[in-house]
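Student: I'd like to ask some things about the structure below.
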Amino acid sequence: MFARLKSRLTAAGLALVACAMALPVVAAQAPQQIKVGTLYASSGPFATSSQSQYEGLKFWVHRVNKNGGVYVKAFDKKIPVKLVSYDDQSSTDTATTLYNQLITQDNVNVLVADFGSVLTSVAVPLAQEHHKLLFDVTGTGAKFFTKNNPYIVLTSLPTSGVWPKSLAQFLNHKGINHVAVLYDSNDFDQSQAETLKHYLDKAGNKPVYYHAVQSNTSSYTVLLHRIAADHPHAVIEFGYPNNDIAFLQALQSSGQHFNMVFTIFPGQLLDLLRSNVGPQGLAHTYTYPTPPLLRYTKKVNFGLNIDQFEKQFQSSTGKSVDFLTVAGYNAGLMIQKALGTAPKFSQISMRHALAHASGKLFTLDGRFKIRSDGAQVGETLPVGQLQPQKGQKNNKMVIVYPPRVATGKAICPAPK
Amino acid sequence: MGLLEYALIGGVLYGLFFGLVGIGLNLIFGVMRMINLAHGDLIMLGAFGAFWVYHLLGVSPMFGIPLEVIGFTIIGIPLYYLVVPRLLATRDPEMLSFILFFGLSQVIEASAVLGFGNNQRSVPGSTLGGGSVVIAGQSFPFAWVVAAGVSVVAILALYAYLYHSRFGYATRAIMANRDEAQTAGINVHRISAAAFVAGFCLAGLAGVFAPYMLGAIDPNMGVDLTTVSFAIVVIGSLGQPLGTVIGGLVYGIATMLMQTYLPSWSNLLPYVLLIAIVLVKPSGLLGRRVRYA
């Protein structure tokens with residue numbers, strides 16, 4: 001009798017175990033669509049950049065859906081992608097509410113941050129709290145990446161703490177001392193300024209001027225005069241596009257001249273800067289060139305290369321390509337890689353899949369390599385200079401450092 | 001010493017421009033007791049007017065000034081008669097005007113985004129002559145000097161209008177007491193409409209020089225300009241248009257001094273000044289005590 005009871009209990013136990021094992025299978029049924037949630041800014045100071053980035057992501061969605069959807073390894077099939085997006089109007093308050101909505105109401109499967117560190121900063125703690133992997137496209141603020149947060153991965157651009165490494169090396173290599181650093185007080189610019197100062201200090205090249213201004217600064221004439229009083233050989237301005245435009249315009253109209261001037265966004269939004277500052281105002285300006293100014297055509301092993309992307313994006317949208325469209329598309333590629341290689345359909349599994357792909361992927365945006373905290377360190381930002389060309393209206397982007405990727409020599413000091 | 005001189009002279013030039021930026025807001029408040037929260041957006045429209053005059057006609061934006069005056073008059077008169085008499089007839093016109101002009105600000109901004117796009121636009125400094133001007137041994141952008149000069153002319157013209165014309169006397173009478181002015185036989189709506197349009201035109205005029213003083217322009221610049229204008233107006237004295245010039249100078253000089261010696265704090269300064277003025281002299285620097293008879 002006991003034997004019969006024992007066998008019945010064993011059978012019941014096995015059935016329970018079987019049911020328990022079956023539960024996750026039921027729970028992990030393939031969704032009808034993969035919901036990718038993101039924000040964009042239709043107005044406000046980040047609108048230009050945000051919309052470019054959003055266009056790039058939309059292009060990726062359009063492309064994968066045209067091919068039947070994105071391949072999801074956990075279900076071994078292609079699933080269509082649905083893009084869920086809201087307008088944050090460049091406001092961090094609005095963005096906080098909308099990121100929350102994407103996570104808790106829309107239950108998106110993939111969360112993609114809006115452009116830049118300011119609008120990404122509010123997504124980082126929310127994603128961590130809700131255990132949602134944040135595909136951080138261009139929010140490079142060094143503070144976002146911490147050892148105890150596995151729910152973030154930076155898909156394009158290195159973390160901003162890494163950006164000025166080549167610039168610092170270039171300054172030290174060329175023996176340019178008396179450096180003035182003017183930066184905006186936000187995560188993106190501040191972390192670059194701190195890194196640059198760190199490397200310069202280390203080389204005994206202490207900046208002669210090192211000050212922050214508010215991100216909405218639009219008047220640089222008196223600031224430039226103040227900087228000139230310290231007789232710097234190089235002036236480095238870390239700001240957002242509106243700051244770079246106002247700074248370069250003030251430099252042009254003030255009549256001040258410095259041997260070297262560096263700003264960030266001519267390398268990312270050259271057309272915008274060119275239309276506002278003009279070729280003369282940009283002549284001899286140094287910057288970080290990024291795709292499409294920096295072209296990785298042969299090395300690409302995942303997704304379209306820059307030539308293909310430019311051609312297809314322009315024919316599909318009628319718009320021209322800038323770095324941020326590349327970054328938006330590149331974020332899509334990273335989503336594609338994560339879903340295509342993660343054995344489970346979970347946030348952590350996607351994160352592990354990207355960690356596994358780290359160092360092996362080469363996209364149109366460069367090498368994808370992340371640290372354990374999710375910060376991108378694979379893509380390097382060389383130093384480029386916009387050099388006037390005889391008989392041509394526009395300046396040519398010449399990569400001047402590091403030597404292994406250089407396409408020409410720096411014209412330094414810049415002629416008056 | 002060179003730095004201090006530069007900051008002071010630069011601050012005066014910059015401050016005169018900001019006096020012009022704020023004066024239209026204060027004129028409308030003085031006459032109608034309404035805060036025009038769309039003021040910054042009108043400046044933005046003026047700035048885009050300057051941009052398009054330069055880009056479409058290839059001429060200096062200065063030639064756009066008459067066009068802008070005509071344009072803002074055409075917009076301002078019907079808007080006044082559509083909105084202001086109705087607001088004044090309500091129980092709380094000040095609060096309702098806040099809401100209405102906020103709505104107008106949003107409509108203008110959204111329409112500008114649709115019409116002009118989000119990208120920053122600018123006008124080369126050379127369109128105002130380019131180069132630089134030496135003042136007290138210091139070199140300043142020529143565009144700054146022109147902007148400050150035109151601001152002075154516009155402010156003097158407003159002064160002449162308010163203090164040396166019949167319309168001006170009537171305007172000041174309405175500023176002092178709208179009901180008494182009406183009882184005295186002044187055509188309050190006609191005078192108020194003129195002040196309303198003048199406020200719009202002054203905003204448009206400030207907009208013409210905005211590309212030179214503020215770097216680039218975009219459809220979203222209005223809100224910041226309204227905030228700064230409001231701070232300047234309160235510093236000078238709310239309802240006292242010429243106090244705005246003092247407010248603008250205080251703002252300009254303080255900002256430039258801060259940019260020179262403590263740049264990180266320069267944008268905070270107008271609001272610190274605003275709080276300080278409200279606490280120490282709530283009626284503003286040129287404000288007088290109100291006599292209740």
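The values are calculated or read from the model by the stated rules, or taken from the named source; none is laboratory data. All figures in this text were calculated on a predicted structure; none of them were measured in a lab. Every residue, glycine as well, gets a Cβ built from its backbone with ideal geometry; the counts of neighbours run over all protein chains shown. All accessible areas refer to the heavy atoms of the entire protein, side chains included, with ligands and DNA or RNA removed. Shrake-Rupley method; radii C 1.70, N 1.55, O 1.52, S 1.80 Å.
Student: Just to verify a result, which residue in the range B:126-143, among those that are in contact (Cβ under 8 Å) with a residue 60 or more places away in the chain and either of a type in the set (Asp, Glu) or more than 17 Å from B:Gly46 (Cα to Cα) (or both), is surrounded by the most Cβ atoms within 10 Å (Cβ to Cβ)? Don't jump to the end; show me each part of the working.
Tutor: At the first step, the residues of the range B:126-143 found to be in contact (Cβ under 8 Å) with a residue 60 or more places away in the chain are B:127-128, B:135-138, B:140-141, B:143.
If we keep only those that are either of a type in the set (Asp, Glu) or more than 17 Å from B:Gly46 (Cα to Cα) (or both) as well, we get B:135-138, B:140-141.
Details: B:Ile135: 16, B:Ala136: 10, B:Gly137: 9, B:Gln138: 17, B:Phe140: 24, B:Pro141: 26.
Ranking the qualifying residues of the range B:126-143, first place goes to B:Pro141.
Student: Take the residues in the range A:200-216 that are in a loop (DSSP other than H, G, I, E, B) and surrounded by fewer than 18 Cβ atoms within 10 Å (Cβ to Cβ); name whichever of them is nearest to the other protein chains (Cβ to nearest Cβ).
Tutor: In the first step, residues of the range A:200-216 are kept if they are in a loop (DSSP other than H, G, I, E, B); the result is A:203-208, A:214-216.
Within this subset, residues satisfying the condition of being surrounded by fewer than 18 Cβ atoms within 10 Å (Cβ to Cβ) are A:203-204, A:206, A:208, A:214, A:216.
On the way: A:Ala203: 25, A:Gly204: 25, A:Lys206: 18, A:Val208: 14, A:Gln214: 4, A:Asn216: 6 Å.
Ranking the candidates gives A:Gln214 first.
Student: Of all residues in the range B:133-143 being at the interface with chain A (Cβ under 7 Å from one of its Cβ atoms) and within 25 Å of the chain's Cα centre (by Cα), which is farthest from B:Tyr212 (Cα to Cα)?
Tutor: Just the residues of the range B:133-143 that are at the interface with chain A (Cβ under 7 Å from one of its Cβ atoms), to begin with: B:139, B:141, B:143.
Those still in the list that are within 25 Å of the chain's Cα centre (by Cα) too: B:141, B:143.
Working: B:Pro141: 9, B:Ala143: 6 Å.
Going through the qualifying residues, I end up with B:Pro141.
Student: When residues of the range A:217-231 are filtered for being open to solvent by 10 Å² or more (accessible area, probe 1.4 Å) and within 7 Å of chain B (Cβ to nearest Cβ), how many remain? Spell out the reasoning first.
Tutor: First, the residues of the range A:217-231 that are open to solvent by 10 Å² or more (accessible area, probe 1.4 Å): A:218, A:225-226, A:228-231.
Now restrict to residues that are within 7 Å of chain B (Cβ to nearest Cβ): A:218, A:225-226, A:229.
Of the residues in the range A:217-231, 4 are open to solvent by 10 Å² or more (accessible area, probe 1.4 Å) and within 7 Å of chain B (Cβ to nearest Cβ).
Student: Of the conditions (1) touching a residue at least 40 places away in the same chain (Cβ under 8 Å); (2) more than 30 Å from A:Gly239 (Cβ to Cβ); (3) in a helix (DSSP H, G or I), B:Glu180 clears all except one; give me its number.
Tutor: (1)
Student: Does the range A:267-288 hold any residues that are crowded, with 19+ Cβ neighbours inside 10 Å, over 14 Å from A:Ala410 (Cα atoms) and more than 11 Å from every other protein chain (Cβ to nearest Cβ), and which are they?
Tutor: Matches in the range A:267-288: A:Gly267, A:Gln268, A:Leu270, A:Leu282.
Student: If we scan the range B:260-269, do we find a residue that is surrounded by fewer than 21 Cβ atoms within 10 Å (Cβ to Cβ) and not in a helix (DSSP H, G or I)?
Tutor: Checked the range B:260-269: at least one residue is surrounded by fewer than 21 Cβ atoms within 10 Å (Cβ to Cβ) and not in a helix (DSSP H, G or I).
Student: Here are B:Phe17, B:Phe51: which of them is within 23 Å of B:Ser122 (Cβ to Cβ), within 13 Å of chain A (Cβ to nearest Cβ), touching a Ser or Thr at 6+ places or on another chain (Cβ under 6 Å) and in contact (Cβ under 8 Å) with a residue 12 or more places away in the chain?
Tutor: Numbers: B:Phe51 fails: touching a Ser or Thr at 6+ places or on another chain (Cβ under 6 Å).
Unique residue meeting the criteria: B:Phe17.
Student: Check B:Ile174 against each of (1) more than 14 Å from chain A (Cβ to nearest Cβ); (2) touching a residue at least 12 places away in the same chain (Cβ under 8 Å); (3) closer than 19 Å to B:Leu156 by Cα and name the one condition it does not meet.
Tutor: Of (1) more than 14 Å from chain A (Cβ to nearest Cβ); (2) touching a residue at least 12 places away in the same chain (Cβ under 8 Å); (3) closer than 19 Å to B:Leu156 by Cα, only one is false for B:Ile174: (3).
Student: Further, regarding this structure: In the range B:237-248, is there at least one residue being crowded, with 17+ Cβ neighbours inside 10 Å, in contact with a Lys or Arg (Cβ under 9 Å, 6 or more places away or on another chain) and farther than 21 Å from B:Ala38 by Cβ? Quick ask: steps written out before the conclusion?
Tutor: To start, the set of residues in the range B:237-248 that are crowded, with 17+ Cβ neighbours inside 10 Å comprises B:237-248.
Cutting the leftovers down to in contact with a Lys or Arg (Cβ under 9 Å, 6 or more places away or on another chain) gives us B:237, B:239-240.
If we keep only those that are farther than 21 Å from B:Ala38 by Cβ too, we end up with B:237, B:240.
Yes: the range B:237-248 contains one or more residues that are crowded, with 17+ Cβ neighbours inside 10 Å, in contact with a Lys or Arg (Cβ under 9 Å, 6 or more places away or on another chain) and farther than 21 Å from B:Ala38 by Cβ.
Student: Specify the residue that is farthest from the other protein chains (Cβ to nearest Cβ); the eligible residues are those in the range B:275-284 that are surrounded by 17 or more Cβ atoms within 10 Å (Cβ to Cβ) and in a loop (DSSP other than H, G, I, E, B).
Tutor: B:Ser283
Student: Hey, can you tell me all the residues within the range A:54-93 that are within 21 Å of the chain's Cα centre (by Cα) and either at positive phi or among the hydroxyl-bearing types (Ser, Thr, Tyr) (or both)?
Tutor: A:Tyr54, A:Ser85, A:Tyr86, A:Gln89, A:Ser90, A:Ser91, A:Thr92
Student: Hand me the list of strands (runs of 3 or more DSSP E) wholly inside the range A:122-193 holding 2 or more residues that are among the basic types (Lys, Arg) and in contact (Cβ under 8 Å) with a residue 24 or more places away in the chain.
Tutor: Numbers: elements: A:134-136, A:152-154, A:179-184.
Once the strands (runs of 3 or more DSSP E) in the range A:122-193 are filtered for at least 2 residues that are among the basic types (Lys, Arg) and in contact (Cβ under 8 Å) with a residue 24 or more places away in the chain, nothing remains.
Student: Might you check whether a residue that is on the phi < 0 side of the Ramachandran plot, open to solvent by 40 Å² or more (accessible area, probe 1.4 Å) and within 14 Å of another protein chain (Cβ to nearest Cβ) occurs anywhere in the range B:93-106?
Tutor: There is at least one residue in the range B:93-106 that is on the phi < 0 side of the Ramachandran plot, open to solvent by 40 Å² or more (accessible area, probe 1.4 Å) and within 14 Å of another protein chain (Cβ to nearest Cβ).
Student: Could you please give the count of residues in the range A:379-398 that are under 22 Å from A:His257 (Cα atoms), within 25 Å of the chain's Cα centre (by Cα) and touching a residue at least 24 places away in the same chain (Cβ under 8 Å)?
Tutor: Within the range A:379-398, residues that are under 22 Å from A:His257 (Cα atoms), within 25 Å of the chain's Cα centre (by Cα) and touching a residue at least 24 places away in the same chain (Cβ under 8 Å) number 5.
Student: Still on this model: If I filter the range B:114-123 for residues that are out of contact with any Ser or Thr (no Cβ under 8 Å at 6 or more places or on another chain), more than 9 Å from chain A (Cβ to nearest Cβ), buried (at least 19 other Cβ atoms within 10 Å of the Cβ) and under 29 Å from B:Arg33 (Cα atoms), do I get at least one hit?
Tutor: Within the range B:114-123, not a single residue is out of contact with any Ser or Thr (no Cβ under 8 Å at 6 or more places or on another chain), more than 9 Å from chain A (Cβ to nearest Cβ), buried (at least 19 other Cβ atoms within 10 Å of the Cβ) and under 29 Å from B:Arg33 (Cα atoms).
Student: Moving to a separate point now. Yes or no: the range B:239-258 includes at least one residue that is without any contact (Cβ under 8 Å) to a residue 12 or more places away in the chain and touching a His at 6+ places or on another chain (Cβ under 9 Å).
Tutor: So the first thing to find is which residues in the range B:239-258 are without any contact (Cβ under 8 Å) to a residue 12 or more places away in the chain, and the list is B:258.
Pick out the ones that are also touching a His at 6+ places or on another chain (Cβ under 9 Å) and you get none.
No, the range B:239-258 contains no residue that is without any contact (Cβ under 8 Å) to a residue 12 or more places away in the chain and touching a His at 6+ places or on another chain (Cβ under 9 Å).
Student: Take the conditions under 22 Å from B:Ala160 (Cβ atoms) and buried (at least 24 other Cβ atoms within 10 Å of the Cβ) and apply them to B:Ala195. Does it pass?
Tutor: Criteria met by B:Ala195.
Student: Among (1) crowded, with 21+ Cβ neighbours inside 10 Å; (2) away from chain A (no Cβ under 14 Å), there is one condition B:Ala210 misses while meeting the rest; what is its number?
Tutor: Here B:Ala210 meets the rest and fails (2).
Student: Go through the range A:194-225 and give me each residue that's among the β-branched types (Val, Ile, Thr) and touching a residue at least 12 places away in the same chain (Cβ under 8 Å). Break it down stepwise before answering.
Tutor: Step one: list which residues in the range A:194-225 are among the β-branched types (Val, Ile, Thr), which gives A:195, A:208, A:213, A:217, A:221-222.
Across the range A:194-225, the qualifying residues are A:Thr195, A:Val208, A:Val213, A:Thr217, A:Thr221.
Student: Does the range B:252-274 hold any residues that are facing chain A (nearest Cβ under 9 Å), over 13 Å from A:Ser185 (Cβ atoms) and not aliphatic (A, V, I, L, M), and which are they?
Tutor: Across the range B:252-274, the qualifying residues are B:Thr255, B:Gln259, B:Thr260, B:Tyr261.
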